[in-house]
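See structure below.
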Amino acid sequence: MAPIPTKVKLAGANNTLTIQWSDGHTSAYPYHFLRDRCPCATCEGSGRPSQKPTNPFPMLSQKPLRPDRAELVGRYALQIFWNDGHSAGIYAFDYLRSLCPCPECDAQRLAKSD
Ligand SMILES: [Zn+2]
Ligand SMILES: [Zn+2]
């Protein structure tokens, strides 16, 4: 069975969102890392004209980016509500797990891609 999150901590050390998995693994995702990988149509479809005017300097916007809350979507995904109002990104568990930036998972990915 694929691992599922047993615990989600929005505010971890060093601006990370921390997920504890059912197989005992822990993943710590820096906020910007997660947001950069937002799977929603708006973020994915760069190059497509968007209805809303976008901030040309997102890194210079008033508030530092962080997730306000996260909600489980069914039994397969996590929806993250960012403090800038963006909440369209639904991160499937297997997608989240495949993003895990820890050295252990990094090594596994390297082994697989070879
Ligand atoms: Zn998005
Ligand atoms: Zn990992």
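The values are calculated or read from the model by the stated rules, or taken from the named source; none is laboratory data. Bear in mind that the values here come from a model prediction, so they are computed numbers and not experimental data. Counting neighbours? That spans all protein chains shown, and the Cβs are built from the backbone with ideal geometry, glycine included.
Would you be able to tell me the number of residues in the stretch 13-48 that are closer than 23 Å to A88 by Cβ, out of contact with any Lys or Arg (no Cβ under 8 Å at 6 or more places or on another chain) and not in a helix (DSSP H, G or I)?
11
So which of T26, T18 ends up being among the hydroxyl-bearing types (S, T, Y) and either touching a Phe, Trp or Tyr at 6+ places or on another chain (Cβ under 6 Å) or surrounded by fewer than 16 Cβ atoms within 10 Å (Cβ to Cβ) (or both)?
T26
Filter the stretch 72-102 down to residues that are among the aromatic types (F, W, Y), surrounded by fewer than 17 Cβ atoms within 10 Å (Cβ to Cβ) and either within 9 Å of the chain's Cα centre (by Cα) or closer than 13 Å to C40 by Cα (or both), then give me how many there are.
2
Just to be sure, is D84 part of a loop (DSSP other than H, G, I, E, B), among the acidic types (D, E) and either under 19 Å from N15 (Cβ atoms) or at pLDDT 90 or above (or both)?
yes
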